[in-house]
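Working notes, structure below.
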Amino acid sequence: MAERTSRFGDLLLRLALRGEHRVAMLSAGGQPQPGSVFRCETIMSTTKKSEIYRQGERLIGRFKDGDLSRREFLGRVGALAASCGVISGGAALAGVPGRAFAASAEPDSVRFDSWGGVAQKADEMLVMKPFSAKSGVSVREGSYGSMEEFLAKVQTSRPGDYNYFSLTNQMDYLRFCQLGYNVALDEKKIPRLSTISPDIVAAYKSASGGALCAVPTFLTVITIAYNNTRVTQGDVEREGANILLDSALKGHIAGEDNWFRRIWYGALQTGQNPNRITDIDAVWEKIRESRSVVFKYYQSGAEQMNLLGTGSAWLADAWGIRVYALKKQGRPISSFMPKGIAMSVGGLMPLKGSPIEPYYQIADLMLSPEVQFAKAVQYGFPPVIDPHLLQKTPELLQLPGFDPGGAHAGVIFPDARYWSENATAWQAQYRRVFIEA
Amino acid sequence: MKMQQNVIGRCSALPAGLSLTLFVWAPLLLIAAYSFFSSGVGAQVVYSPTLVTWKAVFRDRVPFLVLARTVEMTAISVATTALVGYIAALGLWNTQGRIRLLLFCGLIAPSWISYVVRTMSWMQILGDNGLVNSILMGAKVIHSPLHLLYTDFAVGVGMIHYLMPFMIINVFVALESVDRNVMHAARTLGAGHWHTFWSVIFPLTLPGLATGLLICTILTLGSYVTPLILGGPDTTYYSSLIYETFITELNWPLGAALVCVLLAVMGAGVLLYGKFVGFAGLTRRTEA
């Protein structure tokens, strides 16, 4: 009987420990880490844990010695558990969904999601591993095929399942803000934020009403990539964006299957400002026209590299990072940026309810000149920080989208609000244009 | 005793019924329920029942255009698979011993490789610098590469490659159930090889062929990866449309409605199968 009661007492003590954890988190107003209920011992202060264990041990010892009756023992264990907030722990164990709990200020791990492949590899090697080594906080990584796919995962997950993720552009930033997943950052906690070009930070702040809810960490630019053994630089420079419609290259042109990309290029091809399109029908016509000359619309960076690298595609609108990788491989691929090309601001965003202190450390590390330079020359990401802080090596100067002066002349930052307002209608119409053409 | 047997019988069906309910019907009903909601601002689902989504589906001809194209591709792929697969199954049936075992291994082994990898292998075969064009250009049959990849043809080839094992196995099982004495009897009565096959063997294997056709049709109608990898600008199929609607446009109610339309089409196919072939063959019991 004593043995059975002892095990029962141990169970109550365990509940008490969990309840204590929940009370602590509730008062801090954050959210739990996945599985944290069962790891509460690592979070609760050592003093508190020792105190509870000591009291519990004393109770069990007194009961075994016969100093307490069974009723008295259970009553005192219950009182101990109640004083530690076992009721909230019980509710937590019942798995009440949808409640926002406090994020532990000292998590033992955080989750980071990104695009996978080269992009994520860069962040893993240059940022996450050094951060984990320094802070002791491990980084669990996940990947997604598209921002919409990631958003779908976040919407169907519990708070805390996802923490930080890579933003592709300012439209995605706006979308997550509009859906309420954002949290205003304390800019003072990211010292290197001041090294970012003001127009880049403005691209985010203007979308979120002045508050900064994500840190810009890289730029992406979609250039026109061409096989320089098949297409001359003169032709590309002369025709600009319209070379993507050149019937002489029919069957050798590839493009990205992305509504934003195709509409942006359609706007350039019709001489319109992509951030203020006045004749969308003309843009749809250009997209229909492009379908007659394009042989493949790719959906991933790997596919894009395969098309250009194997020589199947002589010309394509291509991601700068992939073009850079092909050049490093020695492929005969050159790139050209026509006037008005879109320059997207990628960043690192924390989801509401995530531990914020590790985020500040990771974001600040991402903005260090060493990391920005390494990501630029090793992986092809144009840096966001003041280019005067970087060593102007020949590799860096050849990077598609890198402007040594920092003025970003000739490129346009997409207006997040404008594109977001038209996204639903244009996405549906884009698919329809493809199918009906 | 009879009541006891009835109770035992019903209880033994309980696990299967529960599994079907939890893993098949419940998700389908959930999807169908979503089709009666609508999509609001920021692609958020508005959880109040409405027919707006269904009205949008029936007012728009694009999903039905795509469905028609998908059904056409399915018909061509499945018919070709049936023709080639039947011949292959017949050949397999006429072998014995070690040769049959080796051929079976050759049929099954590629299934151990990821479906995506197997589909991508066709890019090396059908590409401009692929195997087919290299051979034809080497033999001076053509002077410039044929544009085979990223076309409906490539998608069809990929689908047939994927469906072939399903068809061959179903037809082979039907052939195995044919009593070879029946063949001998036909020959004894003066029937030639072709007559024996067409009048005796083929009718007896029709249920197996029909089952293979049904399975391959269902697989093709819902195929997403093959059109994505091997298809081009003109190869938008219904499953891609569903994917785009759910994942790119985040319009879950519309995507759910499109799924219901596809299920209705598949259901009609199954009903046709039941009417002309019957489901008895699927639930055939062997006598003890």
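The values are calculated or read from the model by the stated rules, or taken from the named source; none is laboratory data. Fair warning: this is a prediction, and the values are worked out from it, not measured in the lab. So basically every Cβ, Gly included, is an ideal-geometry build from the backbone, and we count neighbours across all protein chains shown. Heads up: the accessible areas ignore ligands, DNA and RNA and are worked out on the full protein's heavy atoms, side chains in. Shrake-Rupley method; radii C 1.70, N 1.55, O 1.52, S 1.80 Å.
More than 30 Å from B:THR151 (Cβ to Cβ), in contact with a Leu (Cβ under 8 Å, 6 or more places away or on another chain) and open to solvent by 10 Å² or more (accessible area, probe 1.4 Å): which single residue out of B:VAL182, B:VAL173 fits that description?
B:VAL182
Residues are listed down the side, and each one gets a yes or a no for (1) surrounded by fewer than 17 Cβ atoms within 10 Å (Cβ to Cβ); (2) among the acidic types (Asp, Glu); (3) part of a helix (DSSP H, G or I):
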site: A:ALA241; (1), (2), (3): no, no, yes
site: A:ARG262; (1), (2), (3): no, no, yes
site: A:TYR265; (1), (2), (3): no, no, yes
site: A:ASP281; (1), (2), (3): yes, yes, yes
site: A:TRP284; (1), (2), (3): no, no, yes
site: A:SER292; (1), (2), (3): yes, no, yes
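Here's a check for you: in the range A:161-192, which residue that is in contact with a Pro (Cβ under 8 Å, 6 or more places away or on another chain) and farther than 13 Å from A:TYR359 by Cβ is surrounded by the most Cβ atoms within 10 Å (Cβ to Cβ)?
Filtering the range A:161-192 for residues that are in contact with a Pro (Cβ under 8 Å, 6 or more places away or on another chain) and farther than 13 Å from A:TYR359 by Cβ, the one surrounded by the most Cβ atoms within 10 Å (Cβ to Cβ) comes out as A:GLN170.
If you take the residues in the range B:38-63 that are aliphatic (A, V, I, L, M) and out of contact with any strand residue (DSSP E or B) (no Cβ under 6 Å at 6 or more places or on another chain), which one is nearest to the other protein chains (Cβ to nearest Cβ)?
So, considering only residues that are aliphatic (A, V, I, L, M) and out of contact with any strand residue (DSSP E or B) (no Cβ under 6 Å at 6 or more places or on another chain), the one nearest to the other protein chains (Cβ to nearest Cβ) is B:VAL62.
Look at A:TYR226 and say whether it is of a type in the set (Ser, Thr, Tyr), within 23 Å of A:GLY410 (Cα to Cα) and part of a helix (DSSP H, G or I).
The answer is no for A:TYR226.
Give me the helices (runs of 4 or more DSSP H) completely within the range B:196-288, filtered to those with at least 3 residues that are within 14 Å of chain A (Cβ to nearest Cβ), at negative phi and not acidic (Asp, Glu), ordered by residue number. Before the answer, list the steps.
Values: elements: B:202-221, B:225-230, B:238-243, B:252-276.
Those helices (runs of 4 or more DSSP H) span B:225-230, B:238-243, B:252-276.
Which members of the range A:407-425 meet the condition of being more than 10 Å from chain B (Cβ to nearest Cβ) and buried (at least 17 other Cβ atoms within 10 Å of the Cβ)?
Selection gives A:HIS408, A:VAL411, A:ILE412, A:PHE413, A:PRO414, A:ASP415, A:ALA416, A:TRP419.
Checking the condition farther than 24 Å from A:PRO107 by Cβ, open to solvent by 60 Å² or more (accessible area, probe 1.4 Å) and at pLDDT below 75, which residue from A:ARG54, A:ARG70, A:ARG62 passes?
Result: A:ARG54 is the single residue among A:ARG54, A:ARG70, A:ARG62 that is farther than 24 Å from A:PRO107 by Cβ, open to solvent by 60 Å² or more (accessible area, probe 1.4 Å) and at pLDDT below 75.
Filter the range A:366-413 down to the residues that are among the aromatic types (Phe, Trp, Tyr) and touching a residue at least 24 places away in the same chain (Cβ under 8 Å) and list them by number.
Result: A:TYR379, A:PHE381, A:PHE402, A:PHE413.
Looking at the range A:162-199, which of its residues are under 15 Å from the mean Cα position of the chain (by Cα), of a type outside the set (A, V, I, L, M, F, W, C) and assigned to a helix (DSSP H, G or I)?
Listed by number, the residues that qualify are A:GLN170, A:ASP172, A:TYR173, A:ARG175.
Kindly establish whether B:GLY278 is loosely packed, with under 15 Cβ neighbours inside 10 Å, more than 14 Å from the chain's Cα centre (by Cα) and among the small types (Gly, Ala, Ser). Write out each step before concluding.
Details: loosely packed, with under 15 Cβ neighbours inside 10 Å: yes; more than 14 Å from the chain's Cα centre (by Cα): yes; among the small types (Gly, Ala, Ser): yes.
The answer is yes for B:GLY278.
So which of B:LEU136, B:LEU126 ends up being aliphatic (A, V, I, L, M), under 27 Å from B:ILE218 (Cβ atoms) and open to solvent by less than 50 Å² (accessible area, probe 1.4 Å)?
Sole residue among the options that is aliphatic (A, V, I, L, M), under 27 Å from B:ILE218 (Cβ atoms) and open to solvent by less than 50 Å² (accessible area, probe 1.4 Å): B:LEU126.
Among (1) free of Cβ contacts under 8 Å to residues at least 60 places away in the same chain; (2) over 30 Å from A:TYR360 (Cβ atoms); (3) among the β-branched types (Val, Ile, Thr); (4) touching a helix residue (DSSP H, G or I) at 6+ places or on another chain (Cβ under 8 Å), where does A:VAL201 come up short?
The one condition A:VAL201 does not meet is (2).
When the residues of the range A:134-177 are narrowed to those that are farther than 17 Å from A:GLN120 by Cβ and among the basic types (Lys, Arg), which ends up farthest from the other protein chains (Cβ to nearest Cβ)?
The selected residue is A:LYS134.
B:ILE201 is checked against (1) farther than 30 Å from A:ASN258 by Cβ; (2) open to solvent by 30 Å² or more (accessible area, probe 1.4 Å) and fails just one. What number does that condition carry?
Of the numbered conditions (1) farther than 30 Å from A:ASN258 by Cβ; (2) open to solvent by 30 Å² or more (accessible area, probe 1.4 Å), the odd one out for B:ILE201 is (2).
If you take the residues of the range A:297-307 that are facing chain B (nearest Cβ under 10 Å) and within 15 Å of A:TYR226 (Cα to Cα), which of them is surrounded by the most Cβ atoms within 10 Å (Cβ to Cβ)?
My answer is A:LEU307.
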